[in-house]
Amino acid sequence: QVKSKGTGRYQAIPTNSTYYFWFGVNEKPFNNIYAREAVQAALDDRALSRLDSGFLTEDYHLIPPGIDGGSGPSTCPFHNPTGAPNMTKAKQLMKQSGMIGQPVTVYGEDRAPRRQWLDYYTSVLNSLGFKATEKVINSGVYFTTIGAPTLKPQAGWGDWVQDFPNPWDFMQLFAGNAGSSLNYGYVNDAHYNSQLNTLYQKDPKSVASGWSALDNFAVGKAYYAAYGHEEFPKFYSD
């Protein structure tokens, strides 16, 4: 209604934000890269955007397009994020993983559309052959709950909105040597850590291609399944 009746007074503004699902890489089933890749292949980013009323720009990268090193939507190793999922590939990877039938507890928030994203993600895991169940956490304590060092969760939802316009602000979420509770999946990759520390010391514009390469490296390792960057509505009265 706002779009149709407020022509010229409404605009969707892109933000430097990323929405993603993370994997507990040290616990079954997602200590297996094929299981993680199967999820990447099976996710329909378009469906996730529809659950956010179309405010998500589909993309599998962690760094948003508005940040140096951001690649923007492009062809994923398994399917284009603006196209249909590759369920044939996903099923092949699941069989290769040997993780069919493995139980998975999936963590997510209780408010919309995050609860709906959790429902969708859980349904995708079950369609692949996992035995997935939801663990819904109150939004006020969600991140402190999943970030507790004693929990070590298997899978769940996460997001990040820039603190400052530097690619490190996003890529540090998966640093294994940062001592941060933000690395919910406990990723600890020597190459990732080394590149992160090297790139961080340089002007991001001068090493934008390096940041992009690091993002693509992590996607290739299926350390996360990013699915989009959000827009927010700007609407003026008449």
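The values are calculated or read from the model by the stated rules, or taken from the named source; none is laboratory data. For clarity, every value in this text was computed on a predicted model and none was experimentally measured. Here Cβ is always computed from backbone atoms with ideal geometry, including for glycine, and neighbour counts include all displayed protein chains. We work out accessible area using only protein heavy atoms, side chains counted, and drop any ligands, DNA or RNA first. Shrake-Rupley method; radii C 1.70, N 1.55, O 1.52, S 1.80 Å.
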Exercise. Could you do me a favour and compute the accessible area per residue for segment 120-238, 1.4 Å probe, result in Å²?
Key: 46
Self-check item: Ranked order, PHE235, PHE78 - accessible area, probe 1.4 Å, largest first
Solution: PHE235, PHE78
Self-check item: Accessible surface of the chain [probe 1.4 Å, protein heavy atoms]: carbon and sulfur percent
Solution: 50
Exercise. At 0.36 nm per residue, minus the direct Cα-Cα distance, what do TYR10 and VAL161 gain on full extension? Give it in nm, one decimal, please.
Key: 52.1 nm
Self-check item: In nm, spacing of pseudo-spin labels at TYR34 and PHE217 (7 Å Cα→C-beta vector)
Solution: 2.6
Practice problem: Would you check the accessible area of GLU27, probe 1.4 Å, heavy atoms only, in square angstrom rounded to 10? | Solution: 80
Self-check item: Accessible surface, 1.4 Å probe, highest first, among residues THR150, THR105, THR122
Solution: THR150, THR105, THR122
Quiz item: So how do 85-98, 1-14 stack up, highest first, on mean other-Cβ count within 10 Å?
Solution: 85-98, 1-14
Practice problem: Arrange the residues TRP160, TRP117 by how much accessible surface each exposes, largest first, with a 1.4 angstrom probe. | Solution: TRP160, TRP117
Exercise. As a check on your grasp of the helix formula, calculate [θ] at 222 nm for the chain: sum -39500 (n - 2.57) over DSSP H runs of n ≥ 4, divide by the residue count, round to the nearest 500.
Key: -9500 deg cm²/dmol
Quiz prompt | Among [x] 27, 23, 18; [y] 39, 21, 16; [z] 29, 17, 16, the entry derived from the coordinates for semi-axes √(5λ) of the Cα gyration tensor in Å | solution = [x]
